[in-house]
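Peer 1: Before we start, here is the structure in question, set down as structure tokens.
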Amino acid sequence: MENCCSCGASKAQLIGIVGAVLLILGCFAPLFSVTALGKTLSVTFFTIGFDIYGGALVLTALVIIGLLLVKKIQEAQGAGIAVFITILVFFADAVAAYNGIRDMGIIGSFAAGFFSFGYGWVILFAGAIILVAAPYVDHLCMVKS
């Protein structure tokens, strides 16, 4: 494993920590926006009703950071895969709910116009993908040199 010159951590550890931090930030970013009566409501993983999921994702990200700090990179990657699948299930459920509303006829189509997906999904997926890919960074660096 190739180490960073200043801190002694491998590139896989540093990139994995970046992915975990993105997961934490994604929990606070808007997942959905609903506009009604001129007001916009943003729904995050810490909005009432979803806060248990946000707490679980933040706790998981902190455990992953701990695993990376003690150089358990493969275990962190496994947790990253589990987080990716969890986020994928949440996103698929959100898309299905949106399509269900849209398919309710003219009133559903009208209501769906007030609903939009937020950029929080991009941050969450990016963090999870980075976590899954982090162990391969050291292998790519070894092949190059």
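Peer 1: Are any of the residues in segment 86-95 in contact with a Gly (Cβ under 7 Å, 6 or more places away or on another chain), aliphatic (A, V, I, L, M), surrounded by 12 or more Cβ atoms within 10 Å (Cβ to Cβ) and part of a helix (DSSP H, G or I)? Step through it out loud before you land on a result.
Peer 2: Of the residues in segment 86-95, the ones in contact with a Gly (Cβ under 7 Å, 6 or more places away or on another chain) are none.
No, the conditions are met nowhere in segment 86-95.
Peer 1: Suppose we filter Thr35, Thr47 for residues that are surrounded by fewer than 16 Cβ atoms within 10 Å (Cβ to Cβ) and touching a Phe, Trp or Tyr at 6+ places or on another chain (Cβ under 6 Å); which single one remains? Break it down stepwise before answering.
Peer 2: On the way: Thr47 fails: touching a Phe, Trp or Tyr at 6+ places or on another chain (Cβ under 6 Å).
From the options Thr35, Thr47, the qualifying one is Thr35.
Peer 1: Also: Run down Gly19, Gly26, Gly55 and say which single residue is closer than 10 Å to Leu131 by Cα, within 18 Å of the chain's Cα centre (by Cα) and either surrounded by 15 or more Cβ atoms within 10 Å (Cβ to Cβ) or of a type outside the set (Lys, Arg) (or both). It would help to see each step written out before you state the result.
Peer 2: On the way: Gly26 fails: closer than 10 Å to Leu131 by Cα; Gly55 fails: closer than 10 Å to Leu131 by Cα.
That would be Gly19, the only listed residue that is closer than 10 Å to Leu131 by Cα, within 18 Å of the chain's Cα centre (by Cα) and either surrounded by 15 or more Cβ atoms within 10 Å (Cβ to Cβ) or of a type outside the set (Lys, Arg) (or both).
Peer 1: Regarding segment 3-12, can at least one residue be identified that is at pLDDT 80 or above, surrounded by fewer than 18 Cβ atoms within 10 Å (Cβ to Cβ) and of a type outside the set (D, E, K, R)?
Peer 2: Step one: of segment 3-12, the residues at pLDDT 80 or above are 10-12.
Keeping just the survivors that are surrounded by fewer than 18 Cβ atoms within 10 Å (Cβ to Cβ) gives 11.
Next cut, of a type outside the set (D, E, K, R) only: none.
The answer is no; no qualifying residue exists.
Peer 1: With the requirement that a residue be polar (S, T, N, Q) and assigned to a strand (DSSP E or B), what does segment 29-49 give you? Show your work before the answer.
Peer 2: Taking segment 29-49 as the starting set, the residues that turn out to be polar (S, T, N, Q) are 33, 35, 40, 42, 44, 47.
Answer for segment 29-49, where residues must be polar (S, T, N, Q) and assigned to a strand (DSSP E or B): Ser33, Thr35, Thr40, Ser42.
Peer 1: Which ones in segment 58-85 are loosely packed, with under 13 Cβ neighbours inside 10 Å and not in a helix (DSSP H, G or I)?
Peer 2: If the condition is that a residue be loosely packed, with under 13 Cβ neighbours inside 10 Å and not in a helix (DSSP H, G or I), then Val70 is the only one that fits.
The values are calculated or read from the model by the stated rules, or taken from the named source; none is laboratory data. Computed from a predicted structure; not experimentally measured. Counting neighbours? That spans all protein chains shown, and the Cβs are built from the backbone with ideal geometry, glycine included.
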